[in-house]
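Reading through the structure tokens given below for one structure.
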Amino acid sequence: MKDKKALSDYPKLQIKPFDGMSVTAETWAQAHEEHRKKLQAHDLFFHGVGIITGLEVVANDPADQYVFILPGLAVDPVGNVIVLTEPVAYDFGGTMEGELYIMLGHGEREVAGDQKGMRYIQNEFVIAARPTMPKRPAVELARVFLSHRGNAVHNAANPFHPGVDEIDMRFRAAVKLDERKIVQVGVAYLGTEAPAGVLTGWDYLARDSSRSTQNELVINNALSLSTDLSNFSILYLAGTGAFKVESTITKAISAYLEQGKGLIAEALDDTADDSFNTFFGKLGLNLKPVAEYDSILKSPYLFNAPPEGNQGSRVLLGKKVIYSNAKYSIAWSGKVLGGTGSRADIRSALEWGLNMISYCL
């Protein structure tokens with residue numbers, strides 16, 4: 001934290017109560033101000049200044065001089081928490097032009113209570129557009145360069161390079177919260193035996209996911225497909241040899257997919273590849289090769305095409321469904337290209353595994 005003022009503002013004294021002490025309005029206010037200052041300091045020291053969630057700025061539809069600030073929460077430079085519970089409209093009107101900062105500030109005002117004589121301090125917010133950021137504590141929501149007074153404000157056609165009369169949200173300070181998400185993965189085996197290396201690969205991917213993403217993978221090995229599948233976010237099927245799936249299991253997996261859950265399937269030999277084709281037909285899945293616009297190539301890591309697995313790089317996709325015979329689960333344990341892959345190949349395979357998880361979620 002560059003601003004040391006918050007350190008000097010941290011309360012160094014607290015009221016010590018004793019029996020018979022007189023609790024005046026001044027005493028009450030001082031006691032609560034101590035708690036307030038400590039809370040503000042906590043928000044600044046442990047979270048920082050900026051937008052915690054929401055508060056996106058979007059243009060009206062059709063575009064005009066209005067923009068809307070969506071609900072969200074921010075912390076200003078002195079530790080005030082500012083909350084918007086519903087969308088707020090802001091009108092640029094016909095008098096402003098040039099570069100303008102859309103800012104959010106904290107405000108307070110005294111209001112009357114329900115009881116006679118009772119008064120309250122109500123927390124409020126202030127939204128304004130100015131050619132510069134104000135001296136008072138404020139959080140930047142967006143910028144707009146209006147080329148002429150009264151021009152319509154548009155959403156950016158390219159958020160990375162907004163143009164004139166477009167909303168620019170590149171300069172927003174975001175407070176990153178480490179929100180860990182538990183993702184249960186059910187690992188099941190179709191065929192004659194549990195293939196060696198699959199579970200080890202998933203364990204390595206889980207470790208990498210914990211280190212690199214917000215997803216904590218909990219791997220449930222040798223899952224029986226006759227059990228309740230609803231607790232699993234992702235189901236992984238490893239196939240070996242010729243196998244058939246009972247109709248009751250097919251119905252259970254079909255119901256699982258209808259819940260919007262993810263499925264990853266891998267054929268670990270050529271015979272299993274044929275068996276999976278039959279199985280997918282019974283599920284009514286129409287899988288297609290990865291295309292350049294598919295999100296699996298974009299998040300969280302950027303790929304031009306699926307990387308090499310243990311054997312090849314063939315990948316087919318459906319809605320939250322991934323099928324491959326590249327044996328990525330084995331590649332995740334370091335055995336890329338049959339075990340001859342480089343350190344960079346292993347890293348690519350693991351990053352691709354994280355993209356697979358993201359696609360299924």
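A few remarks follow.
- Subset of segment 197-229 that is of a type in the set (A, V, I, L, M) and under 22 Å from the mean Cα position of the chain (by Cα) - its residue that is surrounded by the most Cβ atoms within 10 Å (Cβ to Cβ): Leu205
- Any hit, segment 194-207, residues being closer than 28 Å to Ala326 by Cα, at pLDDT 95 or above and either in contact with a strand residue (DSSP E or B) (Cβ under 6 Å, 6 or more places away or on another chain) or in a loop (DSSP other than H, G, I, E, B) (or both): yes
- The residue that is nearest to Leu350 (Cα to Cα), among those in segment 247-302 that are outside any helix (DSSP H, G or I) and of a type in the set (Lys, Arg), is Lys298.
- Test: residue in segment 227-237 that is over 27 Å from Trp332 (Cβ atoms) and touching a strand residue (DSSP E or B) at 6+ places or on another chain (Cβ under 8 Å): no
- Pairing residues of segment 334-347 that are of a type in the set (Lys, Arg) with residues that are at pLDDT 90 or above and part of a helix (DSSP H, G or I), at Cβ distances under 9 Å and at least 6 apart in sequence or on separate chains, gives Lys335/Gly201; Lys335/Ile346.
- In segment 310-350, the qualifying residues are those that are surrounded by fewer than 18 Cβ atoms within 10 Å (Cβ to Cβ) and among the aliphatic types (A, V, I, L, M), and the one that is nearest to Ile264 (Cα to Cα) is Leu337.
- Filter result for the condition that a residue is modelled with pLDDT of 90 or more, part of a strand (DSSP E or B) and not charged (D, E, K, R), over Ala157, Ala142, Ala152, Ala63: Ala142
- Count - residues of segment 256-273 that are at negative phi and within 27 Å of the chain's Cα centre (by Cα): 9
- Within the set Glu246, Glu258, the sole residue that is under 14 Å from Leu285 (Cβ atoms), exposed (fewer than 13 other Cβ atoms within 10 Å of the Cβ), in the same structural domain as Ala206 (by TED's automatic domain parsing) and free of Cβ contacts under 8 Å to residues at least 12 places away in the same chain turns out to be Glu258.
- Among the criteria (1) closer than 22 Å to Phe125 by Cα; (2) loosely packed, with under 14 Cβ neighbours inside 10 Å; (3) under 21 Å from the mean Cα position of the chain (by Cα); (4) not assigned by TED's automatic domain parsing to the domain that holds Ala129, the one His47 does not fulfil is (2).
- Evaluation of Gly117 against the conditions (1) of a type outside the set (D, E, K, R); (2) touching a residue at least 12 places away in the same chain (Cβ under 8 Å); (3) loosely packed, with under 11 Cβ neighbours inside 10 Å shows that the sole unmet condition is (2).
- Test result for Ala63, surrounded by 11 or more Cβ atoms within 10 Å (Cβ to Cβ), within 22 Å of Glu124 (Cα to Cα), in the same structural domain as Asn151 (by TED's automatic domain parsing) and of a type in the set (Gly, Ala, Ser): no
- Conditions (1) surrounded by fewer than 20 Cβ atoms within 10 Å (Cβ to Cβ); (2) more than 30 Å from Ala265 (Cα to Cα); (3) without any contact (Cβ under 8 Å) to a residue 40 or more places away in the chain; number of the one not met by Ala152: (3)
- Selection from segment 301-355 of residues that are in contact with a Cys (Cβ under 8 Å, 6 or more places away or on another chain) and aromatic (Phe, Trp, Tyr): none
- Restricting segment 80-128 to residues that are of a type in the set (Phe, Trp, Tyr) and part of a strand (DSSP E or B) leaves a set whose member that is nearest to Asn151 (Cα to Cα) is Tyr90.
The values are calculated or read from the model by the stated rules, or taken from the named source; none is laboratory data. All of these numbers come straight from a predicted model, not from anything done at the bench. A quick note on method: Cβ atoms are made from the backbone with ideal geometry, for glycine too, and the neighbour counts reach across all protein chains shown.
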